[in-house]
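**Student:** Handing you a structure now.
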Amino acid sequence: MADTILIFGGTSEGRELAEAYQNGWDCHVYVATKTGAEYLDETAVSVHVGRLTEADMETEFWRLTPRFVLDATHPYATEVSANIKEACGICGVSYVRVLRDALEEAGDLEVENATEAAAVLCERFLDVPVLLTTGSKELTFFSRLIRENPEVYARILPGEENEAVALNAGLTKERIVTGIGPFSEEENRALLRTYGIKVLVTKESGARGGYAQKLTAAKKEGALSLVIRRPKEDKGIPMEEAKRLAKENKKSVSIVGCGTGSAEQLTKEGLWAMEHATLVIGAKRLLDALRGSVKEDARFVAEYHAQNIAQVVSEAEEENIALLVSGDSGFYSGAASYAKELAALATVRILPGISSVSALCAKTGVSWEDAAIFSLHGRKQNYYKALAGGRKIILLGGEGFCDVLGQLCELGYGDLRVCIGENLGCEGERLIRGSARELKDSASEPLSVLLIDRNAQRRRTVGLRDEDFIRNVRTDGGEKKETDKKDKADVKTVPMTKSEVRAVCMSRLAIGEYDTVYDVGAGTGSISVEASIAACYGSVYAVERKEAAVELIKENAKKFLCKNLEVVLGKAPEALKDLPKPDAVMIGGSGGALIEIMRTVYAKNPLARIVVTAVSTETLQAAQEAEEIFGCKAEYTQISVTRTGQVGAYHMMQAQNPVWVITFEKEG
């Protein structure tokens, strides 16, 4: 059965790629209009007509399970390309951008987009004939120009839908010219002469869009050329390379999970793939360990970076290729990223192996279906939730476990029984058993696994008590202490969101395990810590402008094993600009810049969940203004907490200040 490929293309690009992939592939081409479909009438491909949303694309990708997707849409169709790329990422499909050839010829006037072009035309050219060749979709940007200048003409693709758009923009039928390009220099010159055109408006559409012919025609007819510059694209392949892939895609790559690195731990399927490979790629350690399982005349390439591997495969003459990965190919492995990178170059299959976790648990007689598993290899994750929750924990080593075992001792877990497995399945294998306290100073090999098999009383992991946090810092430069009764003047208490309010905020934030979270105006970091525990596989950024508070957040982060919590010293929104796209944002202190902070957040992620706490009417008013500015719904909840405190023989009510919790959400 032929592999499936999906192509998103315009007119000429769609046809070129369809012709290249119509033989030997199950080829599906997606075009927006009937005109684009007419270009494909004589090709042996499945044609789909109509504009797709990102959700529609996901449905198609799941239904057809393509080997890869070629995006050959117009360089100016940036929203469409973004949707294709997003859908590919969600569905795990390889995305390949096909680039148009760029031409260096410049127009007499150049602008960044259609809005700027319309502004220039309205300011300078309301009294001269203008020809728009930007396509029907952009005509709405020129509505004012069309209304005020009766000599504006537009050349568009034929079709009822396109003509309807032109008419809605204000053009009459007499001012609409239809035709299918690219047009020759003579055809362009004839059109310019017919209407006495003085300004030609075009996109930088490249050779396939007849860009050079339009500029030359304008110059010879004495018309100015106004060019909308092409959006910059950093990654992609040229059209000729995209067509070449259709013919040269006979290679087969087996991504082999090699277990702990010995031939005895390979599956029969993995061993067969290696024995029949004429090119073997992988980390040097694996190549050295498994060289005896491969043909003598096979070529070996020591490489583990995905892009470099793709280049090796692309340039290789060999057709049977084995790519070795340690452990199990589906468990903390690069196999998935390798498969996406190679999908356009070869038929890829992924073969499983025995993970180091499985090997250690088998050797110790411990089951691991109920274990919480974390990797310390270049990752920042928070395993406090699993630790305090009484779960069995397995950690894949980075640079040994001395720091981890030391932290367990600091948290009062020094008596926990642990087991370290070193070099499992290889020469030098050993199991080291003992308590966290006994082994905290013991060095271990980088290729190690730590098993914490505990059955202890559970601690809180959600709704941490206020007294669990460090709040006091010295202001005289002395050593920081949680409390200092003697020198009260030198000790400052940093503000903190109280546990009752914190619990509601965490509920509203609805943080997932893999989320990216901002805590703006973090104070002591109490919400940052709770967010770090909730997003145990994600990232949390505590943004705070006061240096004393920053040091305190770091102390609390250390106390609760918040490896995935990064403290950012600075004032929002400026401090947010270089941070990654957030899923949830807590704003506990805005410094009067709530609107600007929300604008920065929504620019990064229009669907981010934002929770704001307010104790002043000014913040409340700003939140109400934000509803109108950003077009989002807000839920306002006021929390009034009263605790009891003992005064002599009596327990008295002690009311806390009321706090507004405001939740902003946009519908996706």
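The values are calculated or read from the model by the stated rules, or taken from the named source; none is laboratory data. Since the structure is predicted, the reported quantities are computational estimates derived from the model, not experimental observations. Glycine gets a Cβ as well: all are built from the backbone with ideal geometry, and neighbour counts include every protein chain shown. Note: accessible area is taken over every heavy atom of the protein model, side chains too, but ligands, DNA and RNA are not part of it. Shrake-Rupley method; radii C 1.70, N 1.55, O 1.52, S 1.80 Å.
**Student:** Compute the distance in nm between two label points, each set 7 Å from the Cα along the Cα-to-Cβ direction, one at residue 108 and one at residue 465.
**Tutor:** According to this spin-label approximation, the distance is 8.0 nm.
**Student:** Given points 7 Å out from each Cα along the Cα-Cβ axis, report the residue 317 to residue 615 separation in nanometres with one decimal.
**Tutor:** 7.5 nm
**Student:** Please work out the Cα center distance from the stretch 118-192 to the stretch 516-559, rounded to the nearest Å.
**Tutor:** Cα centres, the stretch 118-192 to the stretch 516-559: 55 Å.
**Student:** Treating only the Cβ atoms of Lys and Arg (+1) and Asp and Glu (-1) as charged, compute the dipole magnitude of the stretch 35-151 about its Cα centre; round to the nearest 20 debye.
**Tutor:** I would put it at about 480 debye.
**Student:** Check cross-link reach from residue 385 to the lysines: straight Cα distance under 28 Å, and skip same-chain residues fewer than eight apart.
**Tutor:** 363, 440, 480, 481, 498, 554, 558, 559, 563, 581
**Student:** By its C-alpha gyration tensor, with a ≥ b ≥ c as the square roots of the eigenvalues, how is the stretch 133-245 shaped: rounded for a/c under 1.5, else prolate for a/b larger than b/c, else oblate?
**Tutor:** In terms of gyration-tensor shape, prolate.
**Student:** Determine the gain in length on full extension of the stretch residue 363-residue 655; use 0.36 nm per residue of separation and subtract their C-alpha separation, reporting nm with one decimal.
**Tutor:** Additional length available on full extension: 99.4 nm.
**Student:** If R₀ is 51 angstrom, what is the calculated FRET efficiency for the pair residue 173 and residue 510, using the beta carbon separation as r and rounding to 0.05?
**Tutor:** So, using R0 = 51 Å, E works out to roughly 0.45.
**Student:** Just subtract the alpha-carbon distance of residue 566 and residue 307 from 0.36 nm times their residue separation and send over the number in nm, one decimal.
**Tutor:** 90.3 nm
**Student:** Label residue 445 and residue 148 with points 7 Å out from Cα along Cα→Cβ: what is the distance between them in nm?
**Tutor:** 7.7 nm
**Student:** Where only protein heavy atoms count, and the probe is 1.4 Å, what is the accessible area per residue for the chain in Å²?
**Tutor:** Heavy-atom accessible area per residue stands at 48 Å².
**Student:** Quick one: go through the stretch 12-30 and flag any residue whose amide nitrogen is under 18 Å from the point 7 Å out along the Cα-to-Cβ line of residue 44.
**Tutor:** In the stretch 12-30, the label zone of residue 44 (backbone N under 18 Å from the point 7 Å along Cα→Cβ) covers 15-29.
**Student:** Run the dipole for the chain about the Cα centre, Lys and Arg Cβ at +1, Asp and Glu Cβ at -1, nothing else charged, and hand back the magnitude in debye, nearest 20.
**Tutor:** 1800 debye
**Student:** Can I ask one more? Out of (i) 1.21; (ii) 1.02; (iii) 1.26, which label holds the value of Cα Rg over 2.2 N^0.38 Å that was computed here?
**Tutor:** Computed from the coordinates, Cα Rg over 2.2 N^0.38 Å corresponds to (i).
**Student:** Can you figure out the FRET efficiency of residue 252 with residue 82, using R₀ = 41 Å and their beta-carbon distance, to the nearest 0.05?
**Tutor:** Computed FRET efficiency for residue 252 and residue 82 comes out at 0.80.
**Student:** Please tell me the relative contact order of the chain in percent, rounded to the nearest whole number, where contacts are Cα pairs under 8 Å and at least six residues apart.
**Tutor:** That works out to 7 percent.
**Student:** Still on this structure: Which one, 95, 146, 126, projects farthest toward the positive side of the charge dipole computed for the stretch 89-152 from Cβ point charges (K/R +1, D/E -1)?
**Tutor:** It is 95, whose Cα lies furthest towards the positive end.
**Student:** Additional query: For residue 119 and residue 554, what is the calculated FRET efficiency with R₀ set at 51 Å and r taken between the beta-carbons, to the nearest 0.05?
**Tutor:** After rounding, the FRET efficiency stands at 0.55.
**Student:** Oh, and also: Leaving out ligands, DNA and RNA, what percent of the accessible area of the chain is carbon and sulfur, probe 1.4 Å?
**Tutor:** Carbon and sulfur: 47 percent of the exposed surface of the chain.
**Student:** Compute the separation of the alpha-carbon centres of the stretch 29-46 and the stretch 595-668 and state it in Å as a whole number.
**Tutor:** The stretch 29-46 and the stretch 595-668 have Cα centres separated by 53 Å.
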